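Structure, as structure tokens:
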Amino acid sequence: MQLYITQVRRFLAGVIGATTREVMDQVLITRHGGYLLQAPESSDLDRFSAVMESGRNAARAGRNDQAARLYAEALGLWDGSTPLAGVPHGPLIAARIRLLQQDWLAVAGDYFEMELARGRYRNVLGPLMACAGQHPLHENLHRQLIRALIHSGQPAEAMAVFSRLRARLSQELGIDPAPETVQLRRRIGTSSGGTMMRALRETA
């Protein structure tokens, strides 16, 4: 056992850029009857959780610029891919992964909503397309993407997003889009008609 612990300490020292002695004193510590693994406080997960909560506090206080910056910082710590991908999944880890993914999606949704409310439609188009592509059944992300496309003057692309979402919901879940999504579909038609009228006036 002592030989294995020594090897683990050397591995951890290389990963976190510390000496083996520092790992022995601060990370994988000898305790009476065994060993204690003490995770560093500066892990990516800790930073993500702290920045996420700071962003939510700023949003609740009405400091939207600060909240948007903090949300963007939190999303920059993690791209939304499955966390703990190299760790064998028991029930506890699987439950923790689901919670982490829900937190990431919630932060992403809050960030996109804040940027859309500030009129920064084109700035979020790329990230929204990527995020909606990773979560093809997530209606709120698709509604946000449709709104960004409508306000960016791309009604045809917005219609394509709606059509793909409706088909996936029907095929995979056997449900129709929510009323809010259907209402956005009507806005696409209005936007498209307005675009056509403007084009006719410009060519007249």
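What the table shows:
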{"item": "Residue 169 being open to solvent by 40 Å² or more (accessible area, probe 1.4 Å), in contact (Cβ under 8 Å) with a residue 24 or more places away in the chain and more than 29 Å from residue 66 (Cβ to Cβ)", "result": "no"}
{"item": "Which numbered condition residue 79 fails, given (1) open to solvent by 70 Å² or more (accessible area, probe 1.4 Å); (2) part of a helix (DSSP H, G or I)", "result": "(2)"}
{"item": "Count of residues meeting criterion [farther than 22 Å from residue 157 by Cα and open to solvent by 60 Å² or more (accessible area, probe 1.4 Å)] in region 102-140", "result": "2"}
{"item": "Candidates 41, 73, filtered to the one that is within 29 Å of the chain's Cα centre (by Cα), acidic (Asp, Glu), open to solvent by 70 Å² or more (accessible area, probe 1.4 Å) and modelled with pLDDT of 85 or more", "result": "73"}
{"item": "Any hit, region 55-64, residues being modelled with pLDDT under 85 and hydrophobic (A, V, I, L, M, F, W, C)", "result": "no"}
{"item": "Conditions (1) touching a residue at least 24 places away in the same chain (Cβ under 8 Å); (2) part of a helix (DSSP H, G or I); (3) farther than 26 Å from residue 131 by Cβ; number of the one not met by residue 12", "result": "(1)"}
{"item": "Residues of region 86-121 classified as more than 12 Å from the chain's Cα centre (by Cα) and closer than 21 Å to residue 164 by Cβ, total", "result": "2"}
{"item": "So residue 22, is it closer than 17 Å to residue 104 by Cβ, among the acidic types (Asp, Glu) and not in a loop (DSSP other than H, G, I, E, B)", "result": "no"}
{"item": "Residue check, residue 47 free of Cβ contacts under 8 Å to residues at least 40 places away in the same chain, of a type outside the set (Val, Ile, Thr) and surrounded by fewer than 14 Cβ atoms within 10 Å (Cβ to Cβ)", "result": "no"}
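The values are calculated or read from the model by the stated rules, or taken from the named source; none is laboratory data. A quick note: this is a predicted structure, and the numbers were derived from the prediction, not measured. Cβ sites come from the backbone with ideal geometry, for glycine too, and all protein chains shown count toward neighbours. The area values use the complete protein model at the heavy-atom level, side chains included, leaving out ligands, DNA and RNA. Shrake-Rupley method; radii C 1.70, N 1.55, O 1.52, S 1.80 Å.
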